[in-house]
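Here's the structure we're looking at; comments come further down.
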Amino acid sequence: MSDLELSSFEMHYFSRIRLRRNVSAAALARSLLPNELNARLNAAHRLIWSVFPHKPDQKRDFLWREEGSKGLSPGSGSFLVLSRRPPEDEHGLFEIDPPKPFEPNLQPEDRLGFLLRVNPVVARSVEVRDGEKGRSRSKRCDVVMDRLKALPSEARAEKRTKVMNEAALDWLASQGRARGFRFERNEVSVDGYCRLRIPREGCSRKSSSFSPVMVSTLDLEGYLTVEHPKHFMRSICAGFGRAKAFGCGLMLIRRV
């Protein structure tokens, strides 16, 4: 599913959504939202879609993340959602707090605290054999693994944390230059790096497309300074990085 458009800004809504806690909904909770993280992300993806009624060709127009989740630990079962449409509980499964218009009044040089779960990638050119000839194509690579592969295999374990931090902050800096904010590297922490294998729905095991979706996530938390408020706001509504369908890309902000 494509990114939300950056070219124009429309009203968005910020909502908190959780499964109902009455007896009938609680009995289904483990099936609807399993504890195993790979299956949980896939299930949560489908649950959040269910509160945004759509046509078969409808593009995703929302971002979400589960509260309290970190790394390989499942969260609270409560979801924060930023969307172009208010969510609707057609199936009676959810408690939805009244959606609030998302319209922070930001000015240049405003300081904000932020929290971001992200799937950061970098594009690399790879050679593909096509009969007798070779051709190149672009492939998205996890920024951490991309840097680790450049090191001797015996050095990777020792330098993993350092490489993770440098790769994540370099990626965030490139996002800031393109999306209207800056930050000091000593004011941002990097944590929760994990690689997930999310089952792919609706494919036969014999199909070449059956292989699971591979997603790497990082949790970034710290402070930033707004440089271009309108562009920054559009960027928040569009989301950051990839894997937005699976709970990545929603930047939560607060005033310092």
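The values are calculated or read from the model by the stated rules, or taken from the named source; none is laboratory data. Every value quoted in this text rests on a predicted model; they were computed, and no experiment measured them. Every residue, glycine among them, receives a Cβ derived from its backbone with ideal geometry; neighbour counts consider all protein chains shown. The protein model used for the area step is the full one, side chains on, heavy atoms only, and it has no ligands, DNA or RNA in it. Shrake-Rupley method; radii C 1.70, N 1.55, O 1.52, S 1.80 Å.
Summary table
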quantity: Accessible-area order (highest first, 1.4 angstrom probe) of the listed residues Arg195, Arg242; calculated: Arg195, Arg242
quantity: Per-peptide average of other Cβ atoms within 10 Å, ordering 12-18, 104-110, 90-96 highest first; calculated: 12-18, 90-96, 104-110
quantity: Solvent-accessible ranking of Lys139, Lys100, largest area first, probe 1.4 Å; calculated: Lys100, Lys139
quantity: Accessible area in the full protein assembly, largest first, 1.4 Å probe, for Phe52, Phe102; calculated: Phe102, Phe52
quantity: Probe 1.4 Å - accessible area at Lys162, Å² to nearest ten; calculated: 130 Å²
